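> Quick one: structure below, then a few questions.
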Amino acid sequence: MGVGPACPCKFRLGVAGNAAPAMVTVTDPNGDVTIFMGTINFSAEQCFTGGPNCNPAVDNFTISFGSNGSTINFTQGRRGTISCFEDLIAMLDNGTAQASGNVLTGDFTVDFSYEINPITDIATISITATGADNTVFQTIFMAMVSPQTFIGGCEETTDL
């Protein structure tokens, strides 16, 4: 695994129980929209270390969605740029991932945001993935945060 772009912050994000209800829309290159209701799992680990520093080699996110036999998976997720705000919001722009399953396949550019409500520990997660053929996957859903979820800054970046 190669080293991703710089680490202005770090995060480890997840969905409690590894599943949350979600509605997903897939828009094909002709503009035709298909709506799926199902269950989604989302995890992302960027630049994360258990200590105060960041590790640029930590660079992964995955998305798995299922709906009555339809599956959409994004694997081998790598960051473009990341940002964090007040230890409650983590964002990734221009990431890349491989889509697989029986609905989508191929290379996708992925953007996501994960915003935690500090009172309820519920995250609002927004994901947009655009394929090389202009197919678009979109969802916004809410889920309890996983116990391992962390968003924070880096005291310094460790170069590998």
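> Can we say PHE48 is among the aromatic types (Phe, Trp, Tyr), closer than 27 Å to GLY152 by Cα and touching an Asp or Glu at 6+ places or on another chain (Cβ under 8 Å)?
no
> Still on this structure, please answer the following. Could we say that THR75 is β-branched (Val, Ile, Thr) and within 15 Å of the chain's Cα centre (by Cα) here?
So THR75 fits the description; yes.
> Select, from ALA143, ALA123, ALA99, ALA129, the only residue that is buried (at least 20 other Cβ atoms within 10 Å of the Cβ), at pLDDT 95 or above and touching a helix residue (DSSP H, G or I) at 6+ places or on another chain (Cβ under 8 Å).
The unique qualifying residue is ALA143.
> From GLY50, GLY77, GLY66, which residue is without any contact (Cβ under 8 Å) to a residue 12 or more places away in the chain and either of a type in the set (Gly, Ala, Ser) or crowded, with 20+ Cβ neighbours inside 10 Å (or both)?
Among GLY50, GLY77, GLY66, only GLY50 is without any contact (Cβ under 8 Å) to a residue 12 or more places away in the chain and either of a type in the set (Gly, Ala, Ser) or crowded, with 20+ Cβ neighbours inside 10 Å (or both).
> Show the residue pairs that are 6+ apart or on different chains and have beta-carbon atoms under 8 Å apart, the first residue being within the range 17-44 and within 13 Å of ASN134 (Cα to Cα), the second being surrounded by 15 or more Cβ atoms within 10 Å (Cβ to Cβ) and among the basic types (Lys, Arg).
none
> If you scan the range 98-147, which residues turn out to be touching a residue at least 12 places away in the same chain (Cβ under 8 Å), over 15 Å from the mean Cα position of the chain (by Cα) and not in a strand (DSSP E or B)?
ASN102, VAL103, LEU104, PRO118, ASP121, ALA132, ASP133, ASN134, THR135, PRO147, listed by residue number.
> Now a separate question. Would you check which residues across the range 98-137 are among the aliphatic types (A, V, I, L, M), under 25 Å from ARG12 (Cβ atoms) and out of contact with any Asp or Glu (no Cβ under 7 Å at 6 or more places or on another chain) and list them?
The answer is ALA99, VAL110, ILE116, ILE119, ILE122, ILE125, ILE127, ALA129.
The values are calculated or read from the model by the stated rules, or taken from the named source; none is laboratory data. The model shown is predicted, which means the values in this text are computed figures rather than measured ones. No Cβ is skipped: glycine too gets one built from the backbone with ideal geometry, and neighbour counts run over all protein chains shown.
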